[in-house]
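Worksheet: one structure, shown below.
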Amino acid sequence: QKEVEQDPGPLSVPEGAIVSLNCTYSNSAFQYFMWYRQYSRKGPELLMYTYSSGNKEDGRFTAQVDKSSKYISLFIRDSQPSDSATYLCATETGANNLFFGTGTRLTVIP
Amino acid sequence: ETGVTQSPTHLIKTRGQQVTLRCSSQSGHNTVSWYQQALGQGPQFIFQYYREEENGRGNFPPRFSGLQFPNYSSELNVNALELDDSALYLCASSLGTETEAFFGQGTRLTVV
């Protein structure tokens, strides 16, 4: 079983839609949870970084962590064509050894 | 404040050769981690350097080795290249081992 499971998509939505991206993880020792955005042929860009269960909001982005079910989510409100990218969830135990999902490719259609 | 920079951006090598990839960490960051990202996959942890010492290693063979310099820049060396080593190699830096990691743009290595 992989440490982090993520639906690879692809996911296509119309501009303005709410996007929901999800991951599950297997190791209850994971304490930190991240979402990265990766444009084609670029390095991952950190979007959200959370420690505890609950929600964290940053503009149009909301990260949600449920440690009891080992489930992490990213919601994008009012999606824009510029949001089209691959979104990677990641987690770690605190030693900065990140475990990534496979990434979900998102396309926002104008 | 400069971000994480990697060189070269692209590289083509022949099977069996050796390669060195370089990474300059973000200003003030003392921890560098290296990841391998195969096409269509998430990045996989190779190893981490903290204050010039290796501080954790993923499931990669010994022909993957690294180094961190006093200015906290880092090198990734891969010996006896195999076709499966073709991937995007990513460097990430952070301040300590328990804070956010920021990635460079990566080096795309192609082994032929």
Report, in cubic angstrom per residue, the convex hull volume of the C-alpha atoms of chain B. 92 Å³
Accessible area per residue, Å², the protein assembly as shown with all protein chains present, probe 1.4 Å: 47 Å²
Put +1 on the Cβ of every Lys and Arg and -1 on every Asp and Glu Cβ in region A:14-80; which of A:Val19, A:Ile72, A:Gly54 then has its Cα farthest towards the positive end of the dipole? A:Ile72
Under 10 Å, Cα contacts only: if you run a Gaussian network model on chain B, which one of B:Asn79, B:Asn30, B:Asn59 comes out with the highest mean-square fluctuation? B:Asn59
Cβ neighbours within 10 Å from other chains - mean over A:43-56: 3
Per-residue accessible area for A:Ser12 at 1.4 Å probe radius, Å² rounded to 10? 80 Å²
On the Cα set of region B:32-92, report Rg and Dmax in Å, please. 11.4, 35
Restricting to lysine pairs 8 or more places apart or on different chains, what number in the protein assembly as shown have Cα atoms under 21 Å apart? 5
A correct Karplus calculation of ³J(HN,Hα) over region A:65-76, with 6.51 cos²θ - 1.76 cosθ + 1.60, θ = phi - 60°, whole Hz and x for Gly and Pro, returns 10, 10, 5, 5, 9, 6, 10, 10, 9, 10, 10, 10
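Can you tell me the relative contact order of chain B? Whole percent, Cα pairs under 8 Å, sequence separation 6 or more.
37 percent
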For chain A, set up a Gaussian network in which alpha carbons nearer than 10 Å are linked by springs, and say which option among A:Ser68, A:Ser82, A:Ser28 fluctuates the most. A:Ser68
Two-decimal Rg to Rh for the protein assembly as shown - Kirkwood Rh, Cα set: 0.97
If you rank B:Arg22, B:Arg57, B:Arg51, A:Arg37 by how much accessible surface each has, with a 1.4 Å probe, what is the order from largest down? B:Arg51, B:Arg22, B:Arg57, A:Arg37
Lone Cys, the protein assembly as shown, Cβ cut-off 4.7 Å -> none
Quantify how strongly other chains surround peptide A:26-34 by giving the mean number of their Cβ atoms within 10 Å of each of its Cβ atoms. 1
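What's the carbon and sulfur percent of region A:8-63's accessible surface, probe 1.4 angstrom, rounded to a whole number?
Taking all protein chains in place, region A:8-63 shows 48 percent carbon and sulfur surface.
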Only bridges with both residues in chain A count here: give the DSSP antiparallel percent, nearest 5. 90 percent
Gaussian network model of chain A, Cα springs within a sub-10 Å range: biggest mean-square fluctuation belongs to which of A:Lys42, A:Lys56, A:Lys67? A:Lys42
Please report the spacing between the Cα centers of region A:49-110 and region B:1-20 in Å, no decimals. 29 Å
Averaged across B:100-108, how many Cβ atoms of other chains sit within 10 Å of each residue's Cβ atom? 5
Give me Rg over Rh for chain A, both radii from the alpha carbons and Rh done the Kirkwood way, two decimal places. 0.95
Tell me the relative contact order for chain A as a rounded percent, counting alpha carbon contacts under 8 Å between residues six or more apart. 38 percent
The alpha-carbon center of region B:39-112 and that of region A:12-40 are separated, in whole Å, by 23 Å
Starting from the residue with the highest accessible area, list B:Ile12, A:Ile72 in decreasing order, probe 1.4 Å. B:Ile12, A:Ile72
Taking a 1.4 Å probe, which of A:Ile76, A:Ile109 shows the most accessible area, and what order do the others take after it? A:Ile109, A:Ile76
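The values are calculated or read from the model by the stated rules, or taken from the named source; none is laboratory data. On a predicted model such as this, the values are computed, not experimentally measured, just so you know. Please note: Cβ atoms are built from the backbone with ideal geometry, for glycine as well, and neighbour counts cover all protein chains shown. Remember, those area values only see protein heavy atoms, side chains included, never the ligands or the DNA or RNA. Shrake-Rupley method; radii C 1.70, N 1.55, O 1.52, S 1.80 Å.
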